[in-house]
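Enquirer: Here it is, the structure, as structure tokens.
The values are calculated or read from the model by the stated rules, or taken from the named source; none is laboratory data. The structure displayed is predicted, hence computed values, not measured ones. Using ideal geometry, Cβ is built from the backbone for each residue, glycine included, and neighbour counts are taken over all protein chains shown. All accessible areas refer to the heavy atoms of the entire protein, side chains included, with ligands and DNA or RNA removed. Shrake-Rupley method; radii C 1.70, N 1.55, O 1.52, S 1.80 Å.
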Amino acid sequence: MKIELQIIGSSLRAIAEEMGAALIRAAFSANIKERRDCSTALFDERGRMVVQAEHIPVHLGAMPDAVAAVVREDPAPDDVFILNDPYTGGTHLPDITLVSRTALGFAASRAHHADVGGREPGSMSSSATTLAEEGVVIPPTRLDDATLDALVGQMRNPAERRGDLRAQLAAQHLARRRIDDVCERYGRERATAAMDELYAYSERLVRAGIAEMPDGVYEALDFLDDGTRIAVTLEVHGDSVSLDFAGTDPQQESGNLNCPLAVTRSACYFVVRCLAARDVPASGGAFAPVAVDAPAGCLVNARPPAAVAGGNVETSSRIVDVVFAAFGQAVPVPAQGQGTMNNVTLGNERFTYYETIGGGQGACPDADGPSAVHVAMSNTRTTPIEALELAYPMRVERYELRLGSGGRGKHRGGDGVIRELRVLEDCRLSILSERRARAPLGVDGGDDGAPGRNLVNGRELPPKVTTDLRAGDVVTIETPGGGGHGGYA
């Protein structure tokens, strides 16, 4: 039976991966097709995430909240639900989630769409202060042709939006067929038993890893570039951990760095999984030993109608940093990585383009940090230059390592990158970035990494900005380097 459980488990994991492959292959936008900014997972009848494809951490840790929101709507077997409301299971508005039933539970796909309406092309404005300004807010809603037409009609480039949503629908339908095949081959009872065991196995591995950590209470704090404070108290007790964000500053009324609690949990789960069981199978069981609490209305447990676009991508990265710092008082951890996704959005009424840009990762106690990678809550690829220039009115002038930006130490932090884009027609630019004023910290005598910089035509811009560009303007993003680890001679 154990061998059969392994076979069934591998089949379920393959379905989640195939869902992702189908979504990526069928997508229209470069953001999904090339950058692979999407995630897929399978859930049991209780709404527990059993298997997930190895996609985007900030998507996957928050996805159980989306499925729970759909379960409350009592979906019929043939229903497909759509949602993006960050306060009802979403993360931020561009991340649209589809949830549908299977013979064993539910399938879910989440993809970052290049535009969902709102005041700025790309729906990632730096100046939005309310959720409604960021785009179309979709509570859990049954998706049919009329609903699809109504939604894409409120978004820029509706043909591309429709194509990407149909790619997600294809992934949902594929999951249903493949789950039916598994049930036919092994029987529903045995397949359900395998799902239970996959969940339990991941939980056992993470609990075993936590049990090896010293019990205690550990505190840490960090700050966003604007001085907003994020504080955490970590308690390790036996084979479980709790994280309390009391002491974190209130949510922003004049910005969009606010985090729904689902995103905060996702960041915490990521850190625990990294430290407690790096090779644990991707399953919601890995989250079970982790309890996360935050005061209602603080930055990391925001309340509507607060804007959240930056919270999902930037504040989540800082939560990772501060939780790693708390764990660092109990177990070895890397120096800080770039701590930002360097979000760049370009567009007008004709096109919208979004990308995140990699940077340096912090050095480990026994190794240098990698350079030019997407770290922490992002796990996307970089848009290939050929694909970008073919699809959009832009030219990549420069894309290279930012040599020397990693902090020195016994082990050196990874270097960031320099990415330079020339726009070929008038458009709007939005940048959401961090670690421009506060550098990624080195540890144990290692130097800090270099902070990042944003420039247009050589003129430095603030970390968060929305502005007009004229044809021929050049946008330069210099991403941060990682911190060094250990003293050096």
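Enquirer: Of all residues in segment 424-442 being surrounded by 24 or more Cβ atoms within 10 Å (Cβ to Cβ) and in contact with a strand residue (DSSP E or B) (Cβ under 7 Å, 6 or more places away or on another chain), which is farthest from Asp368 (Cα to Cα)?
Expert: Among those residues, the one meeting the criterion is Cys427.
Enquirer: Could you give me the residue pairs with C-beta distances under 6 Å whose first residue belongs to segment 282-296 and is more than 17 Å from Tyr199 (Cβ to Cβ), whose second residue is surrounded by fewer than 21 Cβ atoms within 10 Å (Cβ to Cβ) wherever it lies, and which are 6+ apart or on separate chains?
Expert: Within 6 Å, the pairs are Ala291/Ser242; Asp293/Asp244; Pro295/Ala246.
Enquirer: Do you know which residues across segment 445-475 are in contact with a Lys or Arg (Cβ under 8 Å, 6 or more places away or on another chain), open to solvent by 10 Å² or more (accessible area, probe 1.4 Å) and either in a strand (DSSP E or B) or among the acidic types (Asp, Glu) (or both)?
Expert: The answer is Asp447, Arg453, Glu460, Thr466, Thr467, Asp468, Asp473, Val474.
Enquirer: Also, quick follow-up: Touching a Cys at 6+ places or on another chain (Cβ under 9 Å), outside any loop (DSSP other than H, G, I, E, B) and crowded, with 20+ Cβ neighbours inside 10 Å: does that describe Leu421?
Expert: Against the criterion (touching a Cys at 6+ places or on another chain (Cβ under 9 Å), outside any loop (DSSP other than H, G, I, E, B) and crowded, with 20+ Cβ neighbours inside 10 Å), Leu421 does not qualify.
Enquirer: What is the one condition in (1) at pLDDT 95 or above; (2) touching an Asp or Glu at 6+ places or on another chain (Cβ under 9 Å); (3) surrounded by 20 or more Cβ atoms within 10 Å (Cβ to Cβ) that Tyr399 does not satisfy?
Expert: (3)
Enquirer: Next up: Quick test for you: out of Ala309, Ala363, Ala291, Ala325, pick the one residue that is over 16 Å from Ile431 (Cα atoms), crowded, with 23+ Cβ neighbours inside 10 Å and in contact with a strand residue (DSSP E or B) (Cβ under 9 Å, 6 or more places away or on another chain).
Expert: On the way: Ala309 fails: over 16 Å from Ile431 (Cα atoms); Ala291 fails: crowded, with 23+ Cβ neighbours inside 10 Å; Ala325 fails: crowded, with 23+ Cβ neighbours inside 10 Å.
Going through Ala309, Ala363, Ala291, Ala325 in turn, just one is over 16 Å from Ile431 (Cα atoms), crowded, with 23+ Cβ neighbours inside 10 Å and in contact with a strand residue (DSSP E or B) (Cβ under 9 Å, 6 or more places away or on another chain): Ala363.
Enquirer: For segment 374-399, give me each residue that is of a type in the set (A, V, I, L, M, F, W, C) and closer than 17 Å to Ala30 by Cα. Write out each step before concluding.
Expert: Going through segment 374-399, the residues of a type in the set (A, V, I, L, M, F, W, C) turn out to be 375-377, 385, 387-388, 390-391, 394, 396.
Residues satisfying the conditions are Ile385, Ala387, Leu388, Leu390, Ala391, Met394, Val396.
Enquirer: May I pose another question? Which count do you get for residues in segment 45-65 that are open to solvent by less than 10 Å² (accessible area, probe 1.4 Å) and either of a type in the set (S, T, N, Q) or within 16 Å of Ala200 (Cβ to Cβ) (or both)?
Expert: Counting residues in segment 45-65 that are open to solvent by less than 10 Å² (accessible area, probe 1.4 Å) and either of a type in the set (S, T, N, Q) or within 16 Å of Ala200 (Cβ to Cβ) (or both) gives 3.
Enquirer: Under 9 Å by Cβ, and 6 or more places apart or on different chains, what pairs join a residue from segment 70-89 that is surrounded by fewer than 17 Cβ atoms within 10 Å (Cβ to Cβ) with one that is basic (Lys, Arg)?
Expert: Filtered contacts from segment 70-89: Glu73/Arg142; Ala76/Arg101; Ala76/Arg142; Pro77/Arg101; Asp78/Arg101; Asp79/Arg101; Asp79/Arg142.
Enquirer: Continuing with this model, one more query. Counting only residues that are open to solvent by 40 Å² or more (accessible area, probe 1.4 Å) and in contact with a Leu (Cβ under 7 Å, 6 or more places away or on another chain), how many does segment 373-396 have?
Expert: 1
Enquirer: Kindly indicate which of Gly247, Gly187 is out of contact with any Lys or Arg (no Cβ under 6 Å at 6 or more places or on another chain) and either open to solvent by less than 30 Å² (accessible area, probe 1.4 Å) or within 22 Å of Gly47 (Cβ to Cβ) (or both). Quick ask: steps written out before the conclusion?
Expert: Values: Gly247 fails: either open to solvent by less than 30 Å² (accessible area, probe 1.4 Å) or within 22 Å of Gly47 (Cβ to Cβ) (or both).
The match here is Gly187.
Enquirer: Of the residues Ala231, Ala267, Ala276, only one is open to solvent by less than 40 Å² (accessible area, probe 1.4 Å), of a type in the set (A, V, I, L, M, F, W, C) and under 19 Å from the mean Cα position of the chain (by Cα); which?
Expert: Ala267
Enquirer: Can I ask one more? Consider Leu346 against the criteria (1) assigned to a strand (DSSP E or B); (2) under 24 Å from Pro158 (Cβ atoms); (3) open to solvent by 40 Å² or more (accessible area, probe 1.4 Å): it satisfies all of them except one. Which criterion is unmet?
Expert: Among (1) assigned to a strand (DSSP E or B); (2) under 24 Å from Pro158 (Cβ atoms); (3) open to solvent by 40 Å² or more (accessible area, probe 1.4 Å), Leu346 violates only (3).
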